[in-house]
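Student: Structure provided below as structure tokens; questions to follow.
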Amino acid sequence: MRRRAISVAVVLTAVVLAVVVLAIIGAFLMSRDPQPGPPLGAVLDGSDRRALAAVPMRRGAGPPPADPAVDFTDPQVVARTYLAAARSAEPDDRDRTRLRATAYAAPHSPTAAVGVVVLDPPPTGQVRTASVTALELVAATEDDGRRGYRATVAMATGPPDGPASTSVTTAYVVLARQPDGRWLVVAEARELGEGDV
């Protein structure tokens, strides 16, 4: 019996020792950081952003009123008007959000709350004017309360009364029918993902 107790004690000691050794090795391996920088998932604080010299975005001029000629009961008209307002830009839009499309966006949507971020305003003395050249319905909910459209948007950049260079891009917009019957934009993206409509 005594031999058995000694054997059990030796086995338990060996198991505890193995667990401790493995824990020490694991802690050592986890503490090594092969790549400099913050750990994955870290959030940049104010000093980090200053070190990166990030330019703060300022809110642009207040939103203009909606064009009274726009028929808000026609989602295609609203989509075209929204995209033309959202994608047009002026040199003063640099480092600002544009709020010219706000009247065509649903309350609490990113466009209504923040505006459109202008990443590449036209050079000084030029303007960018956007127009929708094609609009195709690509998705709709069964109750027809939301619709997703793929738009081809032409953007002409140049002096206000001079020749302009034109570029063409694709945009997706999702509109939702409001309780009062108006259609308003709730999302805009370069690609329309599952669940966006």
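Student: Filter the range 67-96 down to residues that are touching a Pro at 6+ places or on another chain (Cβ under 9 Å) and part of a loop (DSSP other than H, G, I, E, B) and give me whichever is nearest to residue 164 (Cα to Cα). Walk me through how you get there before you give the answer.
Tutor: Of the residues in the range 67-96, the ones touching a Pro at 6+ places or on another chain (Cβ under 9 Å) are 85, 89-96.
Next, from what is left, pick out any that are part of a loop (DSSP other than H, G, I, E, B): 90, 94-95.
Working: 90: 14, 94: 20, 95: 23 Å.
Checking each candidate, the answer is 90.
Student: Give the residue that is surrounded by the most Cβ atoms within 10 Å (Cβ to Cβ), with candidates limited to residues of the range 134-165 that are of a type in the set (Gly, Ala, Ser) and in contact with a Ser or Thr (Cβ under 8 Å, 6 or more places away or on another chain).
Tutor: Top of the filtered list is 151.
Student: Considering only residues of the range 64-86 that are over 19 Å from residue 110 (Cα atoms) and in contact with a Lys or Arg (Cβ under 8 Å, 6 or more places away or on another chain), which is surrounded by the fewest Cβ atoms within 10 Å (Cβ to Cβ)? Steps first, please.
Tutor: Here is the first cut: in the range 64-86, the ones over 19 Å from residue 110 (Cα atoms) are 67-74, 76-77.
Restricting the remaining residues to those that are in contact with a Lys or Arg (Cβ under 8 Å, 6 or more places away or on another chain) gives 72-73.
Working: 72: 18, 73: 12.
The selected residue is 73.
Student: Taking residue 110, is it in the same structural domain as residue 95 (by TED's automatic domain parsing), out of contact with any Ser or Thr (no Cβ under 7 Å at 6 or more places or on another chain) and either farther than 17 Å from residue 79 by Cβ or in contact (Cβ under 8 Å) with a residue 24 or more places away in the chain (or both)?
Tutor: yes
Student: In this structure, is residue 128 within 20 Å of the chain's Cα centre (by Cα), surrounded by 13 or more Cβ atoms within 10 Å (Cβ to Cβ) and either in contact (Cβ under 8 Å) with a residue 12 or more places away in the chain or part of a strand (DSSP E or B) (or both)? Steps first, please.
Tutor: Values: within 20 Å of the chain's Cα centre (by Cα): no; surrounded by 13 or more Cβ atoms within 10 Å (Cβ to Cβ): yes; either in contact (Cβ under 8 Å) with a residue 12 or more places away in the chain or part of a strand (DSSP E or B) (or both): yes.
For residue 128, the condition - within 20 Å of the chain's Cα centre (by Cα), surrounded by 13 or more Cβ atoms within 10 Å (Cβ to Cβ) and either in contact (Cβ under 8 Å) with a residue 12 or more places away in the chain or part of a strand (DSSP E or B) (or both) - is not met.
Student: Go through (1) under 30 Å from residue 162 (Cβ atoms); (2) modelled with pLDDT of 95 or more and name the single condition residue 136 misses.
Tutor: If we test residue 136 against (1) under 30 Å from residue 162 (Cβ atoms); (2) modelled with pLDDT of 95 or more, just (1) comes out false.
Student: Taking the residues in the range 81-99 that are among the basic types (Lys, Arg) and under 18 Å from the mean Cα position of the chain (by Cα) as candidates, determine which candidate is farthest from residue 183 (Cα to Cα).
Tutor: As a first pass, look at the range 81-99 and keep what is among the basic types (Lys, Arg): 87, 94, 96, 98.
Okay, now just the ones that are also under 18 Å from the mean Cα position of the chain (by Cα), so 87, 96, 98.
On the way: 87: 19, 96: 27, 98: 21 Å.
Applying the filter and picking the extreme gives 96.
Student: Against the definition (of a type in the set (Lys, Arg) and modelled with pLDDT under 95), how does residue 80 come out, yes or no?
Tutor: Details: of a type in the set (Lys, Arg): yes; modelled with pLDDT under 95: no.
Considered against the rule, which asks whether it is of a type in the set (Lys, Arg) and modelled with pLDDT under 95, residue 80 comes out as no.
Student: Ok, one more. Under the condition of being assigned to a helix (DSSP H, G or I) and modelled with pLDDT of 90 or more, which residue from the range 97-115 is surrounded by the most Cβ atoms within 10 Å (Cβ to Cβ)?
Tutor: As a first pass, look at the range 97-115 and keep what is assigned to a helix (DSSP H, G or I): 102-104, 110-113.
In the following step, the residues that additionally are modelled with pLDDT of 90 or more were identified as 102-104.
Working: 102: 26, 103: 20, 104: 29.
Among residues in the range 97-115 that are assigned to a helix (DSSP H, G or I) and modelled with pLDDT of 90 or more, the one surrounded by the most Cβ atoms within 10 Å (Cβ to Cβ) is 104.
Student: While we're looking at this one, here's another question. Find the residue count for the range 169-197, including only residues that are surrounded by fewer than 11 Cβ atoms within 10 Å (Cβ to Cβ), modelled with pLDDT of 95 or more and not charged (D, E, K, R). Can you show your working first?
Tutor: Taking the range 169-197 first, the residues surrounded by fewer than 11 Cβ atoms within 10 Å (Cβ to Cβ) are 179-181, 190-191, 193-195.
Narrowing further to those that are modelled with pLDDT of 95 or more: 179-181.
In the following step, the residues that additionally are not charged (D, E, K, R) were identified as 179, 181.
Here the count works out to 2.
The values are calculated or read from the model by the stated rules, or taken from the named source; none is laboratory data. Model, not experiment: these values are computed from the prediction. We place every Cβ from the backbone using ideal geometry, glycine too, and count neighbours over all the protein chains shown.
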